[in-house]
Each structure stands twice: as structure tokens, then as C-alpha cells.
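The values are calculated or read from the model by the stated rules, or taken from the named source; none is laboratory data. For clarity, every value in this text was computed on a predicted model and none was experimentally measured. Glycine also receives a Cβ, built like all others from the backbone with ideal geometry; neighbour counts cover every protein chain displayed. Calculation scope for accessible area: heavy atoms of the full protein, side chains included, ligands and nucleic acids excluded. Shrake-Rupley method; radii C 1.70, N 1.55, O 1.52, S 1.80 Å.
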Amino acid sequence: MDFITPSTWADALAIRADRPDAVPLAGGTDVMVELNFHRRRPGVLLDLTRIGDLTTWAQDGELLRVGAGVSYTRLIEELGDRLPGLAMAARTVGSPQIRNRGTLGGNLGSASPAGDGHPPLLAADAQVELASVRGTRLVPIGEFFTGPKHSVLAPDELIAAVWVRPADGPEQFSKIGTRNAMVIAVSSFALALHPGRRAVGTGIGSAAPTPRRAAEAELFAAGQLPWDTLAALDPDVARRFGELVAASAAPIDDVRGTAAYRRHALAVLAQRTLTWAWRDLCG
Amino acid sequence: MSATVHVGLAATVTGGVGASPLRPDGRLKVTGEFAFSSDLWADDMLWGATLRSPHPRARITELDLGPALRIPGVYAVLTHEDVPGRRLYGLEHVDQPVLAADEVRYQGEPIVVVAADHPETARRAVKAIGIAYDVLDPVTDPEAALHADRAPRVHADRPNLLRHVPIRRGDPHAAAAVVVTGEYEVGMQDQAFLGPESGLAVPADDGGVDLYIATQWLHVDQQQVAACLDLPADKVRLTLAGVGGAFGAREDLSMQVHACLLALRTGRPVKMVYGREESFFGHVHRHPARLRYEHGADADGRLVYVKARILLDGGAYASSSGAVVANAATLGIGPYDVPNVVMDAYGLYTNNPPCGAMRGFGAVQACFAYESQMDKLAAALGLDPVEVRVRNALHTGDRMPTGQLVEGPAPVAELLRLVQSKPPAGAADFPPGGTANTTRGEGVVRGVGYGIGIKNVCFSEGFDDYATARVRLELIGGRPAVLVHTAAAEVGQGLVTVQAQIVRTELGVDQVTIAPADTAVGSAGSSSASRQTYMTGGAVRAACQAIRTRLLDRLDGLAGELRLVDGQVRDADGGTVADVAELLGDEAIEETVQWRHRPTHPLDPETGQGDAHVQYAFAAHRATVDVDTELGLVKVVEIVTAQDVGKAVNPAAVTGQIHGGTAQGLGLALMEEIQLVDGKVRNPSFTDYLLPTIMDMPPMTVDVLELADPHSPYGLRGVGEPPTISSTPAVVAAIRAATGAALTRVPVRPEHIVGV
Ligand SMILES: Cc1cc2nc3c(=O)[nH]c(=O)nc-3n(C[C@H](O)[C@H](O)[C@H](O)COP(=O)(O)OP(=O)(O)OC[C@H]3O[C@@H](n4cnc5c(N)ncnc54)[C@H](O)[C@@H]3O)c2cc1C
């Protein structure tokens, strides 16, 4: 197994194009587990950690560009104010060690339906910047995932960054696990309120072959929330929102939980997070 | 965390019995420098790897080793035909193939072992082996396995019933005013030690082999390995390597014979280390159980009778199932005085993974059921759950269902009252769901639950249970020094520290060295059954006493009570009579002692009557939980426990055992389960076999009672297992109190709590 450590993005893209057997390596918190379990024997490990650009973030016009190599710890510490939903999700990832090493780009690279970074990106309408020697493209996050652990990432592409609008309203993220820390989501839910455009964003994790939005629930809430009066949330609206979120999931039974429980939990999480977010909006 | 030690005999010697000197391995383990068995190394060593069955039940129809042998760097590829001696091994029954011959009986059963010059090459060789199976329907339901017409035999030459222990006491037809019944289930827990199975076998010039191995009982390994290799015991020498946790999972052989076979075949040292996933297939697990109970009580809540049926799934091979069944039966009504008992416990062969020893075995499964029943009884009578337990509590002088008299302290009621008397738990640090932001208080309800358990200490049923210690007192650099040599396995419990403490107390010598444990000295028995401080501690003490007698004999003419303190012989008033160094001179005094506890007796096969156990140990728990009743998530807020340890030989180690054991019981209550479908393990990893984290374990209040047992060394009572037994039912009772859910199965899952 070769280990290549390019120091520039251009070199990394060139190697990626040259070596179809290369596996990119960021924090390694997924890759190393796969290697240790002998699930994968890549010809080359393409270490991206020396590429400075990958670990920066900046505001670019109305959008934030968050480099693929930004760790969860930094998302929490540096972007918690601008991307509160993503920071809440980052807080639930693994343990302090995993949050120090693990990156948002790695989460997308793995494209697990249980990846905690994904639901907040869905709720916030993020876009993923993919790059190759052929050029750069922006993929809406909702089109990024194609199946369990599969995405539109082409064999010669790398994930460069995530583009996302800073929160323009309250955001929430909740995750169910069968222990109180260090646990893969049984199911998770992200919510973003966009009062400026009277829209609601959602993201469901671990309850379908890919992370996905709950489109019908979004439209329902956007239509029912009393944006003008900022009146208290009608509990029936919250409950119906929960039902619609649950209905848009397509969970399975597995070692971590049953499909029925996942649906049930999603309904509760959606109902609760909408209640909290609305309360936060109303001040 | 706080710990109070009551009634302690003051420690008279620095670092002696009753003190908590620093453990010699502590700093190394914390800093990561301790050499575990997986760190063993020899310059010219080869690496072993194992081909395992992917099927729970199949016939092997084809085996082609050629492709593996042709890989450069491969030195040996061995099958059952290469086992020179006995091809089977086992702790109680010799029924488990070293390597499967034509049939495999559980997923993960070893079939071929390979040695190569690199672990990766060895793994590739394993993959290259050509093998074909005729896959058969596995027997996975223990209830079906019990009936000849409902399941085939797992072993063609014997029925699936491994052992049945009936217990009959009093009137089997007794009737009662209040009757509660229940059916319960316990999932398959894993010991989940962090140091995987590993060892290094080194071929010796005399045709024998030296094996460096992490195990719980060197001599029982030695016996089995020697028989399989067809070598005399003195040609199979074992030395204990650094053990990364045990909890029962190292009582059976794993890679011991395999590594020795490969080493003898290749003439090179062979190292084997299982990976995490392989480890889940490399050792036995806790028996899953189905338990049916009927409790009858009078209107005051006094138990009139208990009827119980316990089914324990032993999996494909016997391992220690027999002892597990006996424990479940004899301890299966709990620490209660019940005049009429009808108990039947069964152990069965199935094609599920083999089950054997795990901390508290037999007693753990039963305790979940009988304590659930006691809560049910309390509810039926409108009584407080502690009150109903206290009214039925076992006392000194009562008889167990086996007819055995309870001798020595049995502070069941006191332990219950102690945990009940603590102030209620305060607010939790965080809600159920941890940092995952699932509730701001919505749906959260508090509950409190109790549990008490009973465990036998040491080996039972007439087993010749002994420990050997060789102790040597001599002058080193002009100062008295002691060398202790035993074969007792330090598995992390602190035995090495305890042995030195005993020497300091008995011989008044500060400088004590504990030699590496190996088979050059007699057997110490197993580091299991909460027995090693009792047994090896007892042997070390007896050897020290023999040395003291010989030393003091040199002071002829001197009468009265003499003690050895600080290198001196002192009289009753503390006056110095002689100097140990002068008395000893150039000659070393060495004593080797084989020490036994009081004999036990077999159970009557029809009635289950008999004095089968040496000592009983008790612990009680009170758990306080916050439950998110809508999501089914649990945060254990506090655990209060009280345990009688007879004598806290090392209070810090005792408290550590109580914390750790309680955590393991909490794990069984809430998350730890090997999930099986059709005999196959679905979660062989720490990603999905969940162990409690620091966020799951609450602060604990620990009360340690020291009520001396007149028959044991220093009055001590085995400590390691009791805390694991009662914490499980206490946590579940607390969740029931919060939710009203029936919760008849552990681990409790969120979907059980919310009922979807
Ligand atoms: C103990 C533990 C706990 C965990 N807990 C959680 C959890 O709670 N929630 C959760 O979501 N995840 C969890 N994970 C999984 C993992 O930490 C996350 O998925 C993390 O985001 C992966 O990031 P990484 O930088 O370590 O990725 P790596 O392991 O380096 O890579 C992951 C994948 O992405 C690819 N990749 C990485 N960077 C790029 C890039 N720039 N372009 C293209 N492909 C790329 C890699 O080739 C690989 O396929 C846990 C892992 C462990 C070991």
C-alpha cells in the first residue's frame, strides 16, 4: 500500500486522477476502522491533511465556504454562532478524540445514512463543492447522496468544501442513540427556520437509504406557522409536523433499532425541535 | 464517587492487609507502557491466523489447503488431522474440537490454522483456503432443543440437554394467598475485555513448548494443551502474559493449542492475536436465559413458595455450562428464606455461540427474574419494594433451598436498609439522551428501583478447589526480603498487590517481590468465582505462617505471643525480642503450601439437596433513573450500593471492583447484547456492541461492610461478582417505576419502553 501526501490541492487532484485505486484520507476515523477490520485494502492512501486550504473556512458574499478538512471541534468552536445546527450535530459525534480528527468532508465522503453532519446541511440547503482535474462543480446536498454509502462523487473527484448560508433563523439538531455518548444515530433530525423567506428546512438521518429531507412536512410547517403574529405554536401543528416527518422516512429494522421505533422517535424529535425553534424565534 | 468502609480492623502495617498501596502495574497501565499479551515479541516469530466457519451448522464437504500453502511466506497450514493428541478439549466436558473435523457447530468455529511470516500473509492464506460446506438448519431455539421431536441433536452422540438441576424443598403443592407469575429473558452479554485473545508459543529444545499467554488459570490450560499435543505436562510450560481483562472469557482455551501446534510444526515462535471482531468469536459469552417464575406469598408478604424454570442456552459446546446451571438453580430464588421451592434449571446445546463463564454466571440471569418478581409481589400487596424484600430476607442460620445452612454473616436486610436510607438523588447533570439534545425536560420522569443478589464464592459441588503458594524469606543486601511465587492470574483485579500486602502483614517484611505467574509452581486455581484473594491469598498467608513458625522456632525457650513487625520479632507489649535479619542469617526459609477451603458436596441429582457452596456473598443496589418516556431513552442518575466484603483487604481495589461490576450490570440492563439471527452474530464490533461510557455511568455511593466470615482468611468474602448481579434488576426496576412498562427482557431497548 502506497501512502502519498500531496501538499497542494492541484497535486492531490492530479494523483486522484492518476490513481483510481487511491482512497482519500482526512481524519481517518472511518478509513482506519475499515483498514483495521480488513474491509478495504486500497492501493494508495491519499493523505489530504497537509493541504492547508482544505482546513480553512471563510465568508464569501452571502455564503460560508467550509473546507472539507474542517474538524468537528472547529465547527463547534469557530462556527457555532453562524451554523448552530451543524455545531449541535458536531457535538453529538463520537468522543472528543473523534471530534478532533473527524472532518465534515470525511463524513460526506463516507456518505453513511447515519452521518450526523448530513441532516443539518440538508436543512440549511447546503451545496457540496466537488473538484477534479476536469474542473469544479457544485452539487446541492439533496442530490449528493445516491444510496447507502454512495454519492455522486466521481472516482477522480475530491470534496473541496461545503457552501452554506449562515443561519437566518433558529436551528436545531437532535439525535437518538442507545447510549448517552459515542453512538451511531438510531435516527436523527435537523430543523432550520428561515423566517426571511418563511420557509422551513429539514434533514432526516439514519431512517432511509440516504439522509433526506421531509419535503411535505417542510411545506406544511411553512404554511401553518404564524410568521406574521409570531403567536405561540399550535401543539396540533407541531404534532402533525412530526407525523409528516415520520411519514417521509423509510427506515429499516437493524441492530440499532426497529423501523417502527425510528419512525416514532422521528415524530417526537420533529415535534420537539419545531416547538423549541419556534419558541427561540419568538424570543 | 465516595466510598465508606465500616468496621475496619485498622491496618497495622504500612502497605499491609487493609491498606491500599499503589498497584505495581497501575502507572504502567495508565500511561500505556504495560506489556499486554498482544505486545509479546520474538525476533524470528511467525504469525498465526485462523479460518473460521461462517455458518452456525454445516458439514465440511471440501477442503483444499493447496492455495494457502503455495503463498510465499506461509510456513504451515494445519487441520484437525495435525492435532497429535486428543482432538477435543473442554473445562467440564471434553467436547470441543481443537479444529473442526467434518462438522461445524457454531459461527466462528475454527477449522484451519495458518502460520506465516507476516500477519497480512497469514490472513491472505486463510482467505485462499478452498472450503465448501453443506449448510444445515441450525438449532437456535433452546426451548425446541430441549425436545427431541422439535430439534435435531447438535452433537450426534448425545442429547441436547447438557444438564438439568432440580431443587425440591418443602411441599411442592403449597398454596398461597397472593400469587405473582412472570416470564423473563436475558440477552447474550459479552465480557468485552479490551485486550483480545493473544499469546506467543515458543518451541523448546526438549521437544516441548513454552507458551506466554493471557489466561485465568494457567494449569487448566496446561492440562488441556498437553493432552491435545500429546506431551507430558512438564513439556508444556505456561507463563502468564499481561492480561487485558478477563471476566470469565479467558477460562476456556482460545488460541492456546493452535499457537503451540504451529510452533511445534514450524520450529519457530508463533504469535497469535485476535482482532476485535474475531475476539467476539474467540471466547464464550454469558448464557442467554428464559426464566419462568411463580411466587406465592401470604397476605403479609411472607413468601410461601417459589416455583421456577430456567432455560440457559449453552450454545454449541459445554464450556462451564454445568456450573452455570447449578448456580442458577441453587441461587435462583435469591437471598430469601423460602420454605417451599420447586426449581428446575436446564442447560442446552444449540448452534448458537458457546456460552460459559462470565462474572456472576447463573446468578446474574436468575437475579433479574427473581428481583423483578419481588417488585411484582410488592405491587400486588401494596407494599414498599424494600419492605417485601426485608420481610423475606435470608439470615444467618436460615437454610438455602438446597438445605445448606447459611453460616456466617448474611446481612441481607441490613444492606437493603442501608441503600434505602441514603438521601434521594439530586438533579441529573444532563437529561436522558446525553448531549444529543433530545429533550428539554419533555417526557422525562424519574424512577427509583432496588435489587439485591446472592453469589457463591469459590468452586462448588465437591470440586477439589485449592491454591498453591511458594514463599521464600531471605536476606537481600542484609535486609529481609520475601519472594512469592504462585500461578495465580492477575487479570486486572489487583491480586499482585494483595499478595504483597498479605506478606507484609504476616511477616512484617516491607520488601516483597511477586514472581511472574507460571506453571513452575503448583496450581492456584482460576481467577474466577470471586475466589482468588480468598484462595491464593489464603495460600500465601498459610505459607507465611509456616515460615514464621520456623523462624520463631529458632528462638527456643521464648514463650508468649510474638509478632513480626518492621523486620523485628516483637512481644505482645511491642518490645523487640529479636531482629529477623539476625535470626535468619544466610539461610533462606522457603515454604510451599497447598491450601484448601472447607470441602463442599455434590447436589443430590433428584432433590438438589446438598452443601454445595463454600461461602455466600451479598450486595444491594438502589438505582435512580431519568427516563424520557416518549423516546425510551434512559439516564441513570445515581447508583447507591452496599456490599459485605467480610474484610476489605485492599479498600481501593474493593471499591474499584464494585464500581466496575456495577457498570457491567448497568450495561446488561441497558445496552450490552450480542444480537443473533439464525445463530449468526449481527454486531461483532464495539460500534454496535455498546458498552457503557462515562456518560452512562452515574456517580456512585458505595458502602462496604466488613462482617468477618469465621472460615475465610481475614474473614474476607469474595468481592468481584456480587456488584454485577443486583445492579441490573435495580436499574430495570427504576425504569419500570418511571414508566409503568413491564420490561421483562434485558437489555431494555428504547422500543420496549415506548412500546412500539
Ligand atoms: C469511535 C467513532 C465514533 C464515531 N462517531 C460518529 C458519530 O457519532 N457520528 C458520525 O456521523 N460519524 C461518526 N463516526 C464516523 C466518522 O468519525 C465520521 O464519519 C467522520 O466525519 C469521518 O471524517 P474523517 O475526516 O475521519 O474521514 P476519513 O476516515 O478520513 O474518510 C472518510 C471517507 O471520506 C473520504 N474522504 C475524506 N476526505 C475526502 C475528500 N476531501 N474528498 C473525497 N473523499 C474524502 C475517504 O476516502 C473515506 O471514504 C465515528 C467514528 C468512530 C471511529
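Inspect all residues belonging to the range B:427-436 and state whether any of them is in a strand (DSSP E or B), out of contact with any Gly (no Cβ under 8 Å at 6 or more places or on another chain) and aromatic (Phe, Trp, Tyr).
No, because not a single residue in the range B:427-436 is in a strand (DSSP E or B), out of contact with any Gly (no Cβ under 8 Å at 6 or more places or on another chain) and aromatic (Phe, Trp, Tyr).
What strands (runs of 3 or more DSSP E), lying completely within the range B:7-95, carry at least 2 residues that are exposed (fewer than 15 other Cβ atoms within 10 Å of the Cβ) and on the phi < 0 side of the Ramachandran plot?
Hits in the range B:7-95: B:58-64.
Which residues, taken from the range B:578-597, are assigned to a helix (DSSP H, G or I) and touching a residue at least 60 places away in the same chain (Cβ under 8 Å)?
B:Val580, B:Ala581, B:Leu584
Yes/no matrix, rows are residues, columns are (1) within 10 Å of chain A (Cβ to nearest Cβ); (2) buried (at least 20 other Cβ atoms within 10 Å of the Cβ); (3) more than 21 Å from the chain's Cα centre (by Cα):
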position: B:Ala653; (1), (2), (3): no, yes, no
position: B:Leu670; (1), (2), (3): yes, yes, no
position: B:Glu673; (1), (2), (3): yes, yes, no
position: B:Gly720; (1), (2), (3): no, yes, no
position: B:Thr728; (1), (2), (3): no, yes, no
position: B:Ile735; (1), (2), (3): no, yes, yes
position: B:Ala738; (1), (2), (3): no, yes, yes
position: B:Ala741; (1), (2), (3): no, no, yes
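Tell me the residue from B:Leu194, B:Leu231, B:Leu211 that is at pLDDT 95 or above and open to solvent by less than 10 Å² (accessible area, probe 1.4 Å), please.
The match here is B:Leu211.
Pairs, please: C-beta under 8 Å, at least 6 apart or cross-chain, first residue under 18 Å from A:Arg16 (Cβ atoms) and in the range A:30-45, second within 11 Å of the ligand (Cβ to nearest atom) and charged (D, E, K, R)?
If the second residue must be within 11 Å of the ligand (Cβ to nearest atom) and charged (D, E, K, R), the pairs left are A:Val31/A:Arg40; A:Arg40/A:Glu34.
If I filter the range B:642-649 for residues that are of a type outside the set (Ser, Thr, Tyr), within 10 Å of chain A (Cβ to nearest Cβ), open to solvent by less than 20 Å² (accessible area, probe 1.4 Å) and in contact with a Leu (Cβ under 8 Å, 6 or more places away or on another chain), do I get at least one hit?
No: zero hits.
Counting only residues that are of a type in the set (Val, Ile, Thr), more than 10 Å from the ligand (Cβ to nearest atom) and buried (at least 22 other Cβ atoms within 10 Å of the Cβ), how many does the range A:57-99 have?
Here the count works out to 1.
Look through the range B:676-707, keep the residues that are open to solvent by 30 Å² or more (accessible area, probe 1.4 Å) and in contact with a Gly (Cβ under 8 Å, 6 or more places away or on another chain), and return whichever of them is nearest to the other protein chains (Cβ to nearest Cβ).
It comes out as B:Met695.
Please give the strands (runs of 3 or more DSSP E) falling wholly within the range A:123-187 in which 2 or more residues are more than 13 Å from the ligand (Cβ to nearest atom) and within 14 Å of another protein chain (Cβ to nearest Cβ).
A:171-176
Kindly indicate whether any position in the range A:200-212 is surrounded by fewer than 24 Cβ atoms within 10 Å (Cβ to Cβ), over 17 Å from the mean Cα position of the chain (by Cα), modelled with pLDDT of 95 or more and not β-branched (Val, Ile, Thr).
So far as the range A:200-212 goes, no, none of its residues is surrounded by fewer than 24 Cβ atoms within 10 Å (Cβ to Cβ), over 17 Å from the mean Cα position of the chain (by Cα), modelled with pLDDT of 95 or more and not β-branched (Val, Ile, Thr).
Sort out which residues of the range B:137-153 are farther than 15 Å from B:Arg105 by Cα, among the charged types (D, E, K, R) and in a loop (DSSP other than H, G, I, E, B), and write them in order of number.
The initial filter retains those residues of the range B:137-153 that are farther than 15 Å from B:Arg105 by Cα, namely B:143-144, B:146-150.
Among the residues that remain, those that are also among the charged types (D, E, K, R) are: B:143, B:149-150.
Within the range B:137-153, B:Asp149, B:Arg150 qualify.
Output the number of residues of the range B:427-483 satisfying the condition of being in contact with a strand residue (DSSP E or B) (Cβ under 8 Å, 6 or more places away or on another chain) and within 14 Å of chain A (Cβ to nearest Cβ).
Qualifying residue count for the region: 13.
Applying the selection to the range B:15-34, what residues are closer than 30 Å to B:Leu707 by Cβ and of a type in the set (A, V, I, L, M, F, W, C)?
B:Val17, B:Ala19, B:Leu22
The rows are residues; the columns are (1) over 26 Å from B:Pro172 (Cα atoms); (2) assigned to a loop (DSSP other than H, G, I, E, B); (3) hydrophobic (A, V, I, L, M, F, W, C); (4) out of contact with any strand residue (DSSP E or B) (no Cβ under 7 Å at 6 or more places or on another chain).
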{"residue": "B:Arg359", "(1), (2), (3), (4)": "yes, yes, no, yes"}
{"residue": "B:Val364", "(1), (2), (3), (4)": "no, no, yes, yes"}
{"residue": "B:Met374", "(1), (2), (3), (4)": "no, no, yes, yes"}
{"residue": "B:Arg389", "(1), (2), (3), (4)": "no, no, no, no"}
{"residue": "B:His395", "(1), (2), (3), (4)": "no, yes, no, yes"}
{"residue": "B:Arg417", "(1), (2), (3), (4)": "yes, no, no, yes"}
{"residue": "B:Gln420", "(1), (2), (3), (4)": "yes, no, no, no"}
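Going by what's in this entry, would A:Asp11 be described as more than 9 Å from the ligand (Cβ to nearest atom), more than 14 Å from chain B (Cβ to nearest Cβ) and loosely packed, with under 14 Cβ neighbours inside 10 Å?
No; evaluated as a whole, the condition is false for this residue.
Those residues that are out of contact with any Gly (no Cβ under 8 Å at 6 or more places or on another chain), assigned to a helix (DSSP H, G or I), crowded, with 24+ Cβ neighbours inside 10 Å and within 12 Å of chain B (Cβ to nearest Cβ), I need them from the range A:243-263; list them, please.
A:Ala246, A:Arg262, listed by residue number.
Within the range A:14-56, how many residues turn out to be more than 9 Å from the ligand (Cβ to nearest atom), of a type in the set (Lys, Arg) and in contact with a Pro (Cβ under 9 Å, 6 or more places away or on another chain)?
Of the residues in that region, 1 qualify.
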